[in-house]
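Chemist: Here you go, one structure.
What follows draws every value from the coordinates through simple rules; no lab data is involved. All of these numbers come straight from a predicted model, not from anything done at the bench. Note that we place each Cβ from the backbone using ideal geometry, even for glycine, and neighbour counts take in every protein chain shown.
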Amino acid sequence: MVGATGYIGKFVVRELVSRGYDVVSFARERSGIDAATTADKTRNELKGSEVRFGDVCDQASLKRNGTRDEQFDVVVSCLTSRNGGIKDSWAIDYQATRNALDVAMVAGAKQFVLLSAICVQKPLLEFQRAKLKFEKELMASGLTWSIVRPTAFFKSIAGQVEAVKGGKPYVMFGNGELTSCKPISEADLARFMADCLEDLDKQNRILPIGGPGKAITARQQGEMLFELLGREPKFKKVPIQIFDVIIPVLTMLSKLFPKLAEKAEFARIGKYYCSESMLVLNPATGKYDADATPSYGTDTLRDFYRRVLKEGLAGQELGAHSMF
């Protein structure tokens, strides 16, 4: 298991352990946001698996400290760049994941389960291009593969919970109906990924997946929060056209100041998520299709919001994933 300490990875490890698999989790000695998670904490979080430490960006380290010349049946990857920046995307979404594939084949693995993202259907960003390059190479590898492309995670749309709870308006772009998604919980997604090891119908397939229920827009997310708080909805509308000013300026300045190229990419990421739905894209019509987006699991966004409004966001590690 690579990417074991990530937001989804930890749940996948626990799910695999609960099903009786013999799991080896490969991780950095310091992981998490700002490398705040120690080796001892990582071992505790991944209890039930054997935790081995090294650097997935270094293929020799992955082989020496990870597989250790032992034989493995399956590699599961939940590797993903932390912020989607240009350099990080190619280092993690492509190269580190490619390292895992190469080492997996040397170790005799016959199956590879990959956590990808539904947004790669319309690749306008570097992290999407990096993911697609690896997906293509995985499919050509000769291994049995499953490429899981989830819609939004609960945590990715939880960034405003505390602000709204504290009395602030819910911020949305345009009328709040520009995009929609079928958010899925970390636990349900982990179960779906574990199913890929056992379910032949999920093998050698690209698998878009969302959570239970109908697709929900940003406005509906805000309305749900206010309803659960027993308050009248209060929204703040931000024109999406703001990105059409920011992006060209940063792109132009990046030619003089190369470090701004990453900031320009972050702005493009912001615009993408504010203008593109996290649903299956119909290639014939070019439109997103909620009905064609499969649902899985039992955890609902309403239950998640209800819980975090009561208990807070401890453990969600919003970090660089939170726009607000």
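Chemist: Less than 14 Å from a label point 7 Å out along the Cα-to-Cβ axis of residue 73: which backbone N atoms in region 4-25 qualify, by residue?
Modeler: Output list for this probe position: 16-24.
Chemist: Taking the beta-carbon count within 10 Å as an exposure proxy, list 28, 149, 43 from fewest neighbours to most.
Modeler: Ascending number of Cβ neighbours within 10 Å: 43, 28, 149.
Chemist: Using the Cα centre as the reference, give the magnitude of the dipole from point charges on the C-beta atoms of the chain (Lys, Arg: +1; Asp, Glu: -1; all else neutral), rounded to the nearest 20 debye.
Modeler: 820 debye
Chemist: Something else now. Relative contact order for region 1-116: what percent, with Cα pairs under 8 Å and sequence separation of 6 or more?
Modeler: Relative CO of region 1-116 lands at 27 percent.
Chemist: Go through region 186-284 and name the trypsin sites (Lys or Arg not before Pro) that are in a DSSP coil and have 15 or fewer other Cβ atoms within 10 Å of their Cβ.
Modeler: Those that pass, being in a loop and sparsely packed, are 214, 231, 234, 255, 259.
Chemist: Restricting to Cα pairs below 8 Å that are 6+ residues apart, what does the relative contact order work out to for the chain? Please round to a whole percent. It would help to have the intermediate numbers written out before the result.
Modeler: Working: 577 pairs, mean separation 58.5, N = 324.
Value for the chain: 18 percent.
Chemist: If you don't mind, there's one more thing I want to ask. Expressed as a rounded percentage, what relative contact order does region 5-72 have, with Cα pairs under 8 Å and six or more residues apart?
Modeler: 31 percent
Chemist: Suppose only helical runs count, i.e. DSSP H with n ≥ 4. What mean residue ellipticity at 222 nm does that imply for the chain under -39500 (n - 2.57) per run, divided by all residues and rounded to the nearest 500 deg cm²/dmol?
Modeler: Result for the chain, helices only: -10000 deg cm²/dmol.
Chemist: 5 Å is the cut-off here: which amide hydrogens, built 1.01 Å from N in the peptide plane, fall below it relative to residue 296, excluding neighbours closer than 5 in sequence?
Modeler: 210, 211
Chemist: Once you have the Cα-Cα distance between residue 50 and residue 245, take 0.36 nm times their residue separation minus that, and quote the gain in nm to one decimal.
Modeler: 65.3 nm
Chemist: For a quick protection proxy, order the peptides 245-252, 300-307 by their average other-Cβ count within 10 Å, most packed first.
Modeler: Going by the mean number of other Cβ atoms within 10 Å, highest first, we get 300-307, 245-252.
Chemist: Residue 235's amide H: which non-local residues (gap 5+, or another chain) put their own amide H closer than 5 Å, with H modeled 1.01 Å from N in plane and none for Pro or chain starts?
Modeler: 170
Chemist: Still on this structure: Take the alpha-carbon centre of region 75-108, take the same for region 260-290, and report the distance between them in whole Å.
Modeler: Comparing the Cα centres of region 75-108 and region 260-290, I get a distance of 22 Å.
Chemist: Let me ask another. Counting only residues 5 or more places away or on other chains, whose amide H sits under 5 Å from the amide H of residue 173 once H atoms are built in the peptide plane?
Modeler: 238
Chemist: Give a quick list of GluC sites (Glu not before Pro) in region 1-103 that DSSP marks as loop, anything other than H, G, I, E or B, with at most 16 other Cβ atoms within 10 Å.
Modeler: Loop-located and lightly packed - 29, 70.
Chemist: Springs between alpha-carbon atoms under 10 Å, Gaussian network over the chain: tell me which of 115, 124, 279 tops the mean-square fluctuations.
Modeler: The residue with the greatest mean-square fluctuation here is 124.
Chemist: Rounded to the nearest 0.05, what FRET efficiency do residue 60 and residue 206 give with R0 = 30 Å and r taken as the Cβ-Cβ distance? Could you check?
Modeler: It comes to 0.45.
Chemist: Taking the chain as a Gaussian network, Cα atoms linked when under 10 Å apart, which of 102, 199, 299 shows the biggest mean-square fluctuation?
Modeler: Top of the fluctuation ranking is 199.
Chemist: GNM on the chain, C-alpha springs below 10 Å: top fluctuator among 311, 265, 162?
Modeler: 311
Chemist: Another question, if that's okay. Go ahead and run the numbers for FRET between residue 284 and residue 39, Cβ-Cβ distance against an R0 of 35 Å, rounding to 0.05.
Modeler: Between residue 284 and residue 39 the formula returns 0.10.
Chemist: Residue-wise, which Karplus ³J(HN,Hα) couplings in Hz belong to region 40-55, taking 6.51 cos²θ - 1.76 cosθ + 1.60, θ = phi - 60°, and x for glycine or proline?
Modeler: 5, 5, 4, 4, 5, 5, 10, 4, x, 9, 8, 8, 10, 10, x, 10
Chemist: To the nearest µm²/s, what D does Stokes-Einstein give for the chain at 4 °C and 1.567 mPa s, using the Kirkwood radius over alpha carbon pairs as Rh?
Modeler: My calculation gives 63 µm²/s for D.
Chemist: Follow-up question, since we're still on this one. Going by C-beta contacts inside 10 Å, put 196, 181, 274 in order with the fewest on the left.
Modeler: 274, 196, 181
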